[in-house]
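Take a look at the structure below.
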Amino acid sequence: MKTTLKKISAFILSVILVCLSLPVSADASYEIPGTYQVQTDTGAAYTVKTLDYSYDHNTYLSLRDIAVVLNGTEKSFSLAITKNAVTLNPGGAYTSVGVENAPWEDPENPDISLRRNEFKVGEQKVRYYTLIMTLPSGHYDCFMMAADLAMILDVDITVSDAGNLLINTQAPFSISPSDLERDGYFYGVNSVLVGDATTGELYYRYQSDTPYPIASTSKLMTCLLTMDAISTGHLSLEKSVTISEAVQALSKSDDGVIPLEAGEQITVHELLLGALLPSSNECALCLAESIAGSEEAFVQMMNQKAVELGLSQATFFNSNGLPSYTEEPIPSKRQNRMSSEDMFRLVSYLLKVYPQVTDITSLESATLQSLDLEVRNTNPLLHNLPEVTGLKTGTTNKSGACLVTSLAVDDGNTQHDLVVIVLGTEDSIERGRVSELLAKYALQTFHKGIEETQTEAVPQNLPTHAEAAVDWILRTARN
């Protein structure tokens, strides 16, 4: 009897432990429906439906409602929305489907997901995260962030007061990082830096002198050493190298990106494509072994190069940016680290000495002929801004989501490379949005100068809504 009870008790305990070990189910999202009052500089206020995604004030606006608001203005756009795709044509006239600018009919929270739906601006595919839902009428509506829409339309959207937006169709989109910092926008980011790599001028910095984990943006140093090896004749882009057992093992691990088999041949050019576009860790390791014979020897080269370039807060443990464990009985988990200022120095040097690197990093996709495999670039800004030429994404649990962006611009005499460095955002959604906002700031600063971009222009047409008008006056007075 005692034996039976012990078995039953052990079985019940096992069931309890198994249940506790299983993931607890949770709602995929929590969308909070609401409304804003939105006004243009030339018209009356409209009601615009909103969705706060997961948190209050994480607000996405109805595109159909905004299309009605802007119809007949210089920023009007036509719109076509299906179950998972959006086409927005700037300058087009919007045809109402009869459901716009009305309060929510259903009081229950809609159950839809934030995702990167297919999105076209004209004929150009862009990458933004949006919410698409079915309306009671059977039509679809799309909800997107005000900042994303403002960048697409190149229009100024401001919050006049709680629950009220003002769209100034006469003013282009502009951004002030110092205002964002004052409002706490960068509290969820480790570090950012914006500057001109050609001249060395820094436009904006936030926590830029503190080293943070940099994840796969480490591959920019691996790329630099590869270009060094090519320039000295140690390697060539066309040279074929043999995949090692270590590279195969990494390829088959959870951190593998491209299937590589030991004994296979692959060219150096294809390894660079694999490392820089889909961020293949095994391609980076293969480059390291091809250059130095082993990753350990290559890491010494990485750290020596960092010293030569004056990267005083850079430390490398491997060629790809993955977490690195020591061989102790209680292993230490380490990650490559660098400050934004050091990353700026590294990128500036790379773009100056080997500008051809952007021939790779500007590609949206490429084919690795040796493997008959197409790979795609993980950089979302290549789709949204024509000036973007690279450079590298990176993500680990410790580093957060990182992105180093380069933009090619021309002052009429000389081509410049602008650089935006964003380290440690919460996820890829924020990484893309923070990077694009700062890229827009880099462009406006390059063309207008820092002094002008820090001074907000008075709108040509003052708002007719009283509270919005007061807000404009107060903000102008502060400036």
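Quick notes
- Computing FRET efficiency as 1/(1 + (r/R0)^6) for Ala102 and Ala80, where r is the C-beta to C-beta distance and R0 is 30 Å, gives about 0.90.
- Protection proxy ranking, highest mean first, for peptides 203-214, 292-303: 203-214, 292-303, where packing is the per-residue count of other beta-carbon atoms within 10 Å, averaged.
- Charge context of Thr130, other residues only, Cβ under 11 angstrom, K/R +1, D/E -1: 0
- Positive-end extreme of charge dipole, the chain - chosen from Asn117, Leu180, Thr42 (charges on Cβ): Asn117
- Overall form of the stretch 334-439 per C-alpha gyration tensor (a/c, 1.5; a/b vs b/c): rounded
- Over the chain: Rg over Rh, Cα atoms, Kirkwood Rh: 1.03
- Across the stretch 231-313, Cα pairs under 8 Å and at least six residues apart give a relative contact order of 25 percent.
- Contact order, relative form, for the chain: 15 percent (alpha carbon pairs under 8 Å, 6 or more residues apart, mean separation divided by residue count).
- Whether the stretch 273-324 is rounded, prolate or oblate, judged on the alpha carbon gyration tensor where a/c under 1.5 counts as rounded: prolate
- Degrees, to the nearest 10: 281-292 long Cα axis against longest axis of the chain: 40 degrees
- Principal axis box of the stretch 203-264, alpha-carbon based, largest edge first, Å: 47, 35, 15
- Rg over Rh for the stretch 96-197 works out to 1.00, using Cα positions for both radii and the Kirkwood form for Rh.
- On the principal axes of its alpha carbon atoms, the stretch 62-101 extends 28, 20, 14 Å, with the longest extent given first.
- Checking every one of the trypsin sites (Lys or Arg not before Pro) in the stretch 229-337 against DSSP loop status and a limit of 16 other Cβ atoms within 10 Å picks out Lys239, Lys252.
- Å² per residue, accessible surface of the chain at 1.4 Å: 47 Å²
The values are calculated or read from the model by the stated rules, or taken from the named source; none is laboratory data. Keep in mind that what you see is a predicted model, and the values were worked out from it rather than measured. In this analysis, Cβ positions are derived from the backbone assuming ideal geometry, glycine residues included, and neighbour counts consider all displayed protein chains. To get the accessible areas, we keep the full protein, side chains included, count just its heavy atoms, and leave off ligands, DNA and RNA. Shrake-Rupley method; radii C 1.70, N 1.55, O 1.52, S 1.80 Å.
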